[in-house]
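The values are calculated or read from the model by the stated rules, or taken from the named source; none is laboratory data. From a predicted model like this one, the values you see are computed outputs, not experimental measurements. Cβ placement follows ideal geometry from the backbone for every residue including glycine, while neighbour counts extend to all protein chains displayed. Quick note on the areas: whole protein, heavy atoms, side chains included, nothing else; ligands and nucleic acids left out. Shrake-Rupley method; radii C 1.70, N 1.55, O 1.52, S 1.80 Å.
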Amino acid sequence: MTTCKECEFFFSVPEDADDYKPAKGDCVVEKQDEKGKYWLAKPVSEKDGCCEQYRPGSR
Ligand code: SF4
C-alpha cells in the first residue's frame, strides 16, 4: 500500500517539536485560486494510506 510517507506533501514532525510522536507528520498541500496560492495543512501519520491528492515525492 502506498502511504503518506511517500508523498511529496508529507512533512515529518521534528523530534524536538512539542507535538513530536513517532510516525507523526503534517500533510501540507499547495492550492491556488483566483486570489493566489494558499496551503491546507492537516495532521497525518506516515502509515496512513494515500489519498486522491497523493503525489510521488523524493522522500
Ligand atoms: S493525505 Fe494525501 S496529500 Fe496528504 S500526505 Fe497523505 S497522500 Fe499526500
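The figures follow:
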item	result
Hey, Asp18 surrounded by 11 or more Cβ atoms within 10 Å (Cβ to Cβ) and among the charged types (D, E, K, R) or not	no
Test: residue in region 50-57 that is modelled with pLDDT of 95 or more and of a type in the set (Gly, Ala, Ser)	no
Residue list for region 21-40, filter: open to solvent by 80 Å² or more (accessible area, probe 1.4 Å) and either away from the ligand (no atom under 15 Å from the Cβ) or modelled with pLDDT of 95 or more (or both)	Lys21, Pro22, Gln32, Glu34, Lys35, Lys37, Tyr38, Trp39, Leu40
